[in-house]
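Contents: one structure, followed by commentary.
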Amino acid sequence: MQITSPDRHSTPRAALTATALVVAVALAAGCSSTGPASDDARHPAGSVVRVPEDFPTVQKAVDVAREGDTVLIGPGTYAESVRVTKRNVVVRGTDRSAVVFDGGLKLANGITVTGPGSVVENLTVHGYLANGVLFTGVTDAKLQQRGAGGSAYDPLDTARFPPVEGFRATRVTAYNNGLYGIYAFDARSGVIEDSYASGHADSGIYVGQCKPCDTLVRGNTVERNAVGVELTNASDGVSILGNRVAGNRVGVTVNSNDLEALAPQHGAVIAGNVVVDNNAADTPEQADGGFGIGVGIGGGTANRVERNLVRGNRAAGVIVTDPPGHPASGNRVEGNQVDGNGADLVLASADPDNCFGDNRPGTQSPDGLEAAAGCGSRRGGALPTGRPAAVQAPPGVPFNRVPAPPAQPSLPDPTVPGRPATGLPGAVDPGAYPLPTDAGALPAQPAR
């Protein structure tokens, strides 16, 4: 679900421009290379399984890999869907831009990870009808082929599908996939870092249906998607830090809804990000029509939005609003640089516990918002409903028509031993991410 305007509520994802592809996704289910390795497959010596030296396909290498192994993939185009079901397997390309998974607009998901502690890094994935990289506890292959989440099926059965514990995506380039670029759904204790996502008909990076999530999204560049970064029913321990979210239709959304499990959303920190110019017409059109919004909280609770540079979003810089049945409550918007937006700060929630302070805004809706709803003091009564600037969303473009991105930085040494996704996200310090000063650059990252 996405943020629109306070008087327009979100509609199911079935309205996506990619909806026409749902049938094609189902038909493509049998086209992926997901079967087990042949009986005569033998594990090579050591802890590294190489493609194509040891096995001709990534799936065969993954099937033979043992817990803790690294599957090291050489340059080439791999027209396959891969499922990683074993624990602590690292799937790594030797060259981020030259190791390419290509769905050919026929296959559903690029790489699906259900094995706890497993990793995808230093490679490119594009042209899949659903998701580029999917981390999930949903082990039903039919649900995975339908995208694993969203309104395409009933809300998640959290008893049947407990979350996968431990995941990491590092230096992944995901572009032009039909739904999400990097998708963590029913997954927790993970990190999405130093990656790039563009040209997605829903979100570039999505974290959904986890409680607690204990998930860190840091140092990514997300552009030319319908939505840049999306959190839906993602609660507790979610940190969105030091990312550049620019040139999407909508920048960052934090949502509660009843189409998915684990509502309401609670307790995310969004800090130190650049969220600028999210009004790009050459992007896929999203289901709810949202356009020109920097950071939107739709029914989220107890979130902190702090020290972000939010600029040039034509409808609203930061907006807090209530979808049906989920009042936004206890959200704190503090210490941001919010300027040059259609309306810099917008409060369209009647809940008195949302607060705004020290944001250096130019325009506020309602007028005097920070004085009336300042942090540290409880306001006396309901404020008039704030509204974003009126913006007409232009027609979108098909997700597969968004231009491919330039080459992205690769791992300096892809031969170093693999590092499984255990003990993540580790210590997370949002205070280490200062207010960015350069709208055109990825925010500086603290030492890791």
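Quick notes
- Per-residue ³J(HN,Hα) for the range 267-276, Karplus 6.51 cos²θ - 1.76 cosθ + 1.60, θ = phi - 60°, Hz, x for Gly and Pro: x, 9, 10, 10, 9, x, 9, 9, 10, 9
- The range 224-274 versus the range 377-448: alpha-carbon centroid distance in Å: 9 Å
- Summarising the amide proton neighbourhood of N303: residues at separation of 5 or more, or on other chains, whose placed amide H is nearer than 5 Å comprise G267, A268, N331, R332.
- Under 5 Å between amide hydrogens, built in the peptide plane, is the criterion, and for S349 it picks out G386 among residues at least 5 positions away or on other chains.
- Applying 0.36 nm per residue to the separation of E53 and D157 and subtracting their alpha-carbon distance, the gain on full extension is 33.4 nm.
- Projected label points at R42 and D413, each 7 Å from Cα along the beta carbon direction, are separated by 3.1 nanometres.
- Across every direction, the projection of the convex hull enclosing the Cα atoms of the range 256-406 has a mean area of 9.7 nm².
- Working note: Cα atoms of the chain, range along each principal axis, descending, whole Å: 73, 45, 41.
- 3J(HN,Hα) along the range 84-93: 10, 10, 8, 7, 6, 9, 9, 9, 9, x Hz, from the Karplus curve 6.51 cos²θ - 1.76 cosθ + 1.60 with θ = phi - 60°, whole Hz, x for Gly and Pro.
- Protection-proxy order for peptides 383-393, 235-245, each taking the mean of Cβ atoms within 10 Å per residue, highest first: 235-245, 383-393
- Here is the list for the range 340-411: trypsin sites (Lys or Arg not before Pro) lying in DSSP coil, each with at most 12 other C-beta atoms within 10 angstrom of its C-beta, are R378.
Readers should treat all values here as calculations from the given coordinates under stated rules, not as data from a laboratory. As the structure is a prediction and not an experimental result, all values here were calculated from the model. Please note: Cβ atoms are built from the backbone with ideal geometry, for glycine as well, and neighbour counts cover all protein chains shown.
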